[in-house]
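The values are calculated or read from the model by the stated rules, or taken from the named source; none is laboratory data. Note that the structure is predicted; figures quoted are calculated from it, not measured. Cβ: placed from backbone, ideal geometry, glycine included. Neighbour counts: every protein chain shown.
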Amino acid sequence: MKKGDLKYLRNYIKIYYQGGFERIVENVKDPHRREWALLTYDNKMYRHIRLDKDNLTKFKDLVLEETPKGLYYSASYYQNPDEEMELKGRESTDLIFDLDADHMDNIRIKSVYMCVNKECRAFSFKNKCEKCGGETRNIPIIDDVTIFDATQKLKFLISILNTYLGIPDEYIKLYFSGHRGFHIHIEEEPYISLDDIDRIAIKDLLVLDGIDIFNVRDRNAYILDILLKNLESLLTIDDPELKMLLNRIKHILTEYDDPLKALRNMRVSEGSRRKLNEYIKKKIGVEVDPAVLTDLSRLIRAPLSLHGKTGLIKKDLEMDDIDNPMNIIEKSIPSKLMAKIHVEILPRIVWAGKEYGPYYMEDVILPEPLAIYLINLGLAKGIELP
Amino acid sequence: MPIVIDEDFEWAAKYPFDKKSIQLLQSLSLSINEILEDKELLKEAFKEIEDIIKKGTLEWNPIENHYRKFIIFYLELLIVRALESSYIENRFIEALSKRIYKILSREAFDVLVKLGSNLGLRYKIDQYFGDTHIGIFFIDFLRFSRRLSSRHWRIYYFPIRDGYIYVKKRQYIRLLSEAIKSKIYELILSVEKVPDYILEESKKFYIDKLSIHIPKHTSNKFDVKTKDIEIFPPCIKYALKNVGSGLSHPARFTLVTFLNAVGYTKEEIINIFNVTPDFNEKVTRYQVEHILGIRGGKIRYKVPSCRKIVSYNFCYADDTCKRFGILHPLKYVYLKKRSKR
């Protein structure tokens with residue numbers, strides 16, 4: 001990133017935290033029992049910070065001084081949040097689900113490609129370098145459409161938490177992460193007392209790790225329940241073998257008196273079994289980040305803090321917001337200012353309800369956070385006020 | 001002394017760990033000296049423990065004196081605590097839970113539910129899926145099913161609704177047995193001081209009767225000591241390869257516990273991390289010593305299982321992992337070592 005761009009970006013962050021820092025801390029449950037941390041633009045990590053009345057101003061000063069690309073707190077509540085990991089004395093841990101759009105199946109994500117050849121580094125819309133013919137690196141660009149698609153999986157996740165795990169809506173705190181997807185925080189007992197082994201089991205349930213639908217022993221099992229509810233979408237597959245197998249399974253599950261025995265006795269090669277189970281996992285599993293869910297020492301971006309890569313806020317959402325997902329990015333914009341910037345390349349995207357691009361090597365005026373996002377992606381430079 | 005009917009003692013003999021039985025014991029207000037006046041009681045307790053260590057089982061005889069059976073259980077807890085051997089502890093808990101499992105299999109539904117509820121299993125009886133099912137609050141299900149390694153205990157193979165996981169009677173009994181094991185373990189740990197007389201007798205008993213039956217864990221049955229990186233599992237090879245470019249906290253933790261388990265010394269482990277430009281020996285030493293239980297909470301951490309490594313996102317299972325269904329990184333080393341012999 002160019003020096004001038006970094007200076008602009010850090011100033012943008014500073015202005016935001018000057019007015020918004022206190023609100024971030026007030027918004028956190030038991031901030032003094034958590035470890036706080038920040039990551040600077042030169043990748044320096046400040047960790048093991050305890051927040052209390054005495055050092056709140058000092059911490060704010062540090063944030064304003066460092067203008068971090070990420071402000072974090074621990075998912076865990078500790079006795080001694082400022083000690084080294086092993087001495088912190090963990091008491092409980094928020095149950096947090098992180099759902100990223102680029103890990104999901106069937107999501108529309110715009111991309112540009114950058115040549116990996118150091119001598120070339122040309123951008124293009126194709127995955128083969130148009131200038132030197134070399135390999136390229138994919139640079140995904142998240143826009144309203146991506147977020148719209150991602151909310152479908154988010155709704156599915158929330159329905160599992162509600163309907164199956166019985167976690168009430170009022171316990172589910174929902175956030176747009178400020179970048180690629182969503183975070184769900186659950187901060188209530190008994191869920192915060194779950195240990196890492198319990199969380200791994202929940203991860204297995206969501207991701208469907210290790211499923212074998214030919215070996216189910218209860219016809220009302222969760223896996224068969226969601227399989228039946230999603231059969232029509234599973235049947236949209238092109239692979240003739242898997243399609244045939246799925247049709248057979250549909251027939252067995254809906255028509256047979258003893259479907260479990262029929263499933264067990266189905267003649268299917270080991271390879272096809274594995275392929276089908278993998279396909280089901282990919283389509284109806286929820287691709288939550290396993291590390292965020294199961295690692296009890298995890299730091300998580302603080303709600304209402306700025307995402308350094310996008311200049312957007314990690315914004316709290318209401319359940320109604322996910323019914324209008326095209327507004328989510330717009331709701332997360334901290335500044336209505338516009339910025340002038342030189343864009344190297346950008347396909348047509350829909351961002352905060354408006355269309356931008358396609359641009360190729362041109363100076364344009366964009367909303368400040370979009371300009372910051374493009375700088376961070378390496379797709380633009382030379383930001384300045386118009 | 002309160003009026004106690006034999007039915008209460010029968011319950012207490014069968015389920016001495018239960019809340020109701022503990023209340024009964026308290027209501028009897030017996031001192032340890034009063035109990036030890038009957039020399040046969042302690043003798044019978046030692047005999048049962050000897051049988052458990054030798055055979056691994058404990059029979060249930062419904063016509064035995066229920067009061068004696070009940071008191072003997074509590075004497076056995078004191079003896080097991082006095083012996084301070086995790087092998088004896090485990091064998092005792094296993095044998096007892098197997099016996100209870102058999103008794104439970106013959107019990108009526110309402111007895112099972114009552115016992116479970118006393119042990120903290122939150123439940124719901126439901127006709128949701130046609131038949132009567134017991135729904136167990138999913139958090140309790142996770143807590144008590146974690147040691148059941150069969151893949152059929154994976155949560156998605158059960159009906160789930162509104163936070164409850166529905167199980168059949170047979171499965172409920174299995175979970176109940178697990179809850180009972182935890183409870184007995186908790187009772188053993190709750191003994192703060194073993195009376196001197198029982199402590200002395202237990203030591204003698206160990207030397208005279210038990211020591212020859214306790215296996216020596218120094219046999220090379222599970223020998224995983226090696227420094228041959230070639231036979232390390234792929235996750236550990238990955239961690240070793242990437243030490244220089246930075247590892248996540250769980251990956252570093254796994255690497256340290258693994259290297260220690262296969263025989264690396266503390267200094268050797270610290271040296272392995274001495275490849276990064278920002279290597280700080282003091283911090284690394286501090287962290288390694290914590291993980292090895294040398295400082296801090298003095299807990300010597302175990303090598304995480306494959307399931308945990310998968311969730312930490314650095315499982316790179318190879319053919320050996322898949323073919324042998326490896327569930328633990330040390331099992332991989334053990335298998336590879338064995339095949340090299």
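With the requirement that a residue be free of Cβ contacts under 8 Å to residues at least 40 places away in the same chain and either acidic (Asp, Glu) or at positive phi (or both), what does the stretch A:126-153 give you? Answer for the stretch A:126-153, where residues must be free of Cβ contacts under 8 Å to residues at least 40 places away in the same chain and either acidic (Asp, Glu) or at positive phi (or both): A:Glu130, A:Gly133, A:Glu135.
Annotation note: Cβ proximity below 8 Å between a residue of the stretch A:175-190 that is of a type in the set (Val, Ile, Thr) and a residue that is part of a loop (DSSP other than H, G, I, E, B) (sequence gap 6+ or interchain) occurs for A:Ile186/A:Asp94; A:Ile186/A:Ile167. Which members of the stretch B:285-313 meet the condition of being within 14 Å of chain A (Cβ to nearest Cβ), modelled with pLDDT of 85 or more and either assigned to a loop (DSSP other than H, G, I, E, B) or more than 28 Å from A:Ile200 (Cβ to Cβ) (or both)? Passing the criteria: B:Arg285, B:Pro304, B:Ser305. A:Arg180 meets each of the listed conditions (1) buried (at least 21 other Cβ atoms within 10 Å of the Cβ); (2) within 28 Å of B:Phe138 (Cα to Cα); (3) more than 14 Å from every other protein chain (Cβ to nearest Cβ); (4) modelled with pLDDT under 95 apart from (2).
Can B:Gly246 be described as part of a loop (DSSP other than H, G, I, E, B) and touching a Lys or Arg at 6+ places or on another chain (Cβ under 7 Å)? Spelling it out, it is not the case that B:Gly246 is part of a loop (DSSP other than H, G, I, E, B) and touching a Lys or Arg at 6+ places or on another chain (Cβ under 7 Å). Checking each residue in the stretch A:30-63 for being free of Cβ contacts under 8 Å to residues at least 40 places away in the same chain and in a helix (DSSP H, G or I) picks out A:Lys53, A:Asp54, A:Asn55, A:Leu56, A:Thr57, A:Lys58, A:Phe59, A:Asp61, A:Leu62.
Within the stretch A:268-289, being outside any strand (DSSP E or B) and within 21 Å of A:Gly178 (Cβ to Cβ) holds for A:Val286, A:Glu287, A:Asp289.
Pairing each residue of the stretch B:139-151 that is buried (at least 20 other Cβ atoms within 10 Å of the Cβ) with any residue that is among the basic types (Lys, Arg), provided the two are 6+ apart or on different chains, yields C-beta distances under 6 Å for B:Asp140/B:Arg122. When A:Asn127 is tested against the conditions (1) out of contact with any Phe, Trp or Tyr (no Cβ under 9 Å at 6 or more places or on another chain); (2) away from chain B (no Cβ under 14 Å), the lone failure is (1).
Can you pull out every residue in the stretch B:133-158 that is part of a loop (DSSP other than H, G, I, E, B) and within 11 Å of chain A (Cβ to nearest Cβ)? Full working, then the answer.
To start, the set of residues in the stretch B:133-158 that are part of a loop (DSSP other than H, G, I, E, B) comprises B:146-150, B:154, B:158.
Once the filter is applied, which keeps residues that are part of a loop (DSSP other than H, G, I, E, B) and within 11 Å of chain A (Cβ to nearest Cβ), the stretch B:133-158 yields B:Arg146, B:Arg147, B:Ser150, B:Arg154, B:Phe158.
The residue pairs whose first member lies in the stretch B:187-204 and is at pLDDT 85 or above, whose second member is hydroxyl-bearing (Ser, Thr, Tyr), and whose beta carbons are closer than 9 Å, counting only pairs six or more residues apart or on different chains, are B:Leu187/B:Tyr74; B:Val194/B:Ser202.
Only one of A:Val145, A:Val112 is closer than 25 Å to A:Glu362 by Cβ, part of a helix (DSSP H, G or I) and either within 12 Å of chain B (Cβ to nearest Cβ) or not polar (S, T, N, Q) (or both); which? Write out each step before concluding.
Details: A:Val112 fails: part of a helix (DSSP H, G or I).
That would be A:Val145, the only listed residue that is closer than 25 Å to A:Glu362 by Cβ, part of a helix (DSSP H, G or I) and either within 12 Å of chain B (Cβ to nearest Cβ) or not polar (S, T, N, Q) (or both).
Between B:Lys282, B:Lys337, which is more than 26 Å from A:Ile211 (Cβ to Cβ), among the basic types (Lys, Arg) and in contact (Cβ under 8 Å) with a residue 12 or more places away in the chain? Step through it out loud before you land on a result.
On the way: B:Lys282 fails: in contact (Cβ under 8 Å) with a residue 12 or more places away in the chain.
Only one candidate qualifies: B:Lys337.
Listed by position, the helices (runs of 4 or more DSSP H) contained in the stretch A:202-266 that have at least 3 residues being more than 18 Å from A:Leu165 (Cα to Cα) are A:231-234, A:240-255, A:259-264. Residues in the stretch B:118-132 that are in contact with a helix residue (DSSP H, G or I) (Cβ under 9 Å, 6 or more places away or on another chain) and either assigned to a strand (DSSP E or B) or surrounded by fewer than 18 Cβ atoms within 10 Å (Cβ to Cβ) (or both): B:Asn118, B:Gly120, B:Arg122, B:Tyr123, B:Ile125, B:Thr132. Going by the structure shown, is B:Phe258 at the interface with chain A (Cβ under 10 Å from one of its Cβ atoms), of a type in the set (Phe, Trp, Tyr) and either closer than 26 Å to A:Thr294 by Cα or more than 27 Å from the chain's Cα centre (by Cα) (or both)? So B:Phe258 does not fit the description; no. For the stretch A:185-232, taking the residues that are more than 7 Å from chain B (Cβ to nearest Cβ) and among the aromatic types (Phe, Trp, Tyr), the one that is surrounded by the fewest Cβ atoms within 10 Å (Cβ to Cβ) is identified as A:Phe214.
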